[in-house]
Amino acid sequence: MMTHILIFPFTLFSILLFSFCQQESTNSKINIQKVYLNEIDSGNLTDSNFQQFFKRFPCPNGYQRINVLETSFQKWLRNFPLQKADAPVYLFNKNLKLRQDVHAAVLDIDVGNTDLQQCADAIMRLRAEYLFQNKLFDSIVFTFTNGSKAYYSKWRDGFRPHVNNNSVSWTKDVSTDTSYKCFRQYMNTIFMYCGTYSLSKELQSIPIQQIQGGDVFIHGGFPGHAMIVMDVAINSKTGKKVFVLAQSYMPAQSIHIVKNFTNGTLSPWFEIPEDGIIETPEWTFHTNELKRFQ
């Protein structure tokens, strides 16, 4: 997967920043509903697309979803709205992805209209959307590939990054803007100058037996890849866990839940492998590549 490297002269960097602010103006809306999850856990379901994850992907026999906090990232992910069951995966340019055999479902969230929201970018998008919706603005921060921190709180206050010999400084260039559109402009900048290499360095390694929703399988590099854990279930008798994975890929494309090609009966759930190797449709991970947002 492509990782966006922060090595740009000042003038080009500035042009790119402001041009991407304009390009995303038509993609400022996102279809994510506020979910009252106690209704789902009690089985009192009503008809709306945020429940499709539970309806389409029940736990395997003998398993049940792990209890998580009501306002947690884990619960937000496991109730993320899905597109209709036969929805295809589209690229950023509205073309169909060449492979339509790898996905079990498509998340109901836009991909943008530029080739930016690839694998690690999609994960950062989901994490940031959760924090933004919960008004945890100070927690929205990512690391550029060169190691500089990019704080959304500074961005919304009107500060913009400027590059000099591959170092970054922030100056107040515009007025304070707390809109969702401004947030998306910030995210486009993150997509441009962050990637698997930088994200892998800011996440914390987690033992595979402690896997939970929101964790990330990530191989940082040039290329690298990353996938997010959407849900986890446990067998109360054996203690074994299974999990569901989602990804974007290259070029930028719809975020989608992937199938398990190694076990079609279990799919889209994955078991923790005894040999430490997780075979997904388009990438192979090792269990020691599991990490978590701090």
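The values are calculated or read from the model by the stated rules, or taken from the named source; none is laboratory data. No experiment lies behind these values; they were computed from the predicted model shown. Cβ placement follows ideal geometry from the backbone for every residue including glycine, while neighbour counts extend to all protein chains displayed.
For Asp138, state whether it is at pLDDT 95 or above, part of a loop (DSSP other than H, G, I, E, B) and either over 13 Å from the mean Cα position of the chain (by Cα) or loosely packed, with under 15 Cβ neighbours inside 10 Å (or both). First the steps, then the outcome.
Values: at pLDDT 95 or above: yes; part of a loop (DSSP other than H, G, I, E, B): no; either over 13 Å from the mean Cα position of the chain (by Cα) or loosely packed, with under 15 Cβ neighbours inside 10 Å (or both): yes.
In short, no.
Within the stretch 147-165, work out how many residues are in contact (Cβ under 8 Å) with a residue 40 or more places away in the chain, surrounded by 15 or more Cβ atoms within 10 Å (Cβ to Cβ) and of a type outside the set (Ser, Thr, Tyr).
5
Here's a check for you: in the stretch 257-281, which residue that is part of a loop (DSSP other than H, G, I, E, B) and touching a His at 6+ places or on another chain (Cβ under 8 Å) is surrounded by the most Cβ atoms within 10 Å (Cβ to Cβ)?
My answer is Lys259.
A quick yes/no check of all residues on (1) closer than 17 Å to Val229 by Cβ; (2) at pLDDT 95 or above; (3) of a type in the set (Lys, Arg):
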residue	(1), (2), (3)
Lys34	no, no, yes
Asn44	no, no, no
Asn49	no, no, no
Asn67	yes, no, no
Ser72	yes, yes, no
Leu77	yes, yes, no
Val89	no, yes, no
Lys94	no, yes, yes
Thr114	no, yes, no
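Across the stretch 80-112, what is the total count of residues that are within 14 Å of Glu282 (Cβ to Cβ), assigned to a loop (DSSP other than H, G, I, E, B) and touching a residue at least 60 places away in the same chain (Cβ under 8 Å)? So that I can check it myself, show each step before the final result.
If we filter the stretch 80-112 for residues that are within 14 Å of Glu282 (Cβ to Cβ), which is where we start, we get 89, 97-104.
With the extra rule that they be assigned to a loop (DSSP other than H, G, I, E, B), the set shrinks to 89, 97-102.
Keeping just the survivors that are touching a residue at least 60 places away in the same chain (Cβ under 8 Å) gives 89, 97, 99, 101-102.
Result for the stretch 80-112: 5.
So Met230 clears everything in (1) in the same structural domain as Gln64 (by TED's automatic domain parsing); (2) farther than 25 Å from Phe80 by Cα; (3) part of a strand (DSSP E or B) except one condition, right? Which one?
Just one mismatch for Met230, condition (2).
Quick test of your reading of the structure: Thr171 fulfils all but one of (1) assigned to a strand (DSSP E or B); (2) polar (S, T, N, Q); (3) under 19 Å from Gln133 (Cα atoms). Name the failing condition by number.
(3)
Here is a yes/no grid of residues against (1) of a type in the set (Val, Ile, Thr); (2) in the same structural domain as Lys240 (by TED's automatic domain parsing):
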{"position": "Gln64", "(1), (2)": "no, yes"}
{"position": "Val68", "(1), (2)": "yes, yes"}
{"position": "Trp76", "(1), (2)": "no, yes"}
{"position": "Gln83", "(1), (2)": "no, yes"}
{"position": "Asn113", "(1), (2)": "no, no"}
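Is it fair to say Glu289 is farther than 17 Å from Asp121 by Cα, acidic (Asp, Glu) and buried (at least 19 other Cβ atoms within 10 Å of the Cβ)?
yes
Just checking, how many residues over the stretch 199-227 are within 19 Å of Leu107 (Cβ to Cβ) and part of a strand (DSSP E or B)?
The number of residues fulfilling the criteria is 6.
Just give me the residues in the stretch 66-92 being in contact with a strand residue (DSSP E or B) (Cβ under 9 Å, 6 or more places away or on another chain) and aromatic (Phe, Trp, Tyr), in sequence order.
Phe80, Tyr90, Phe92
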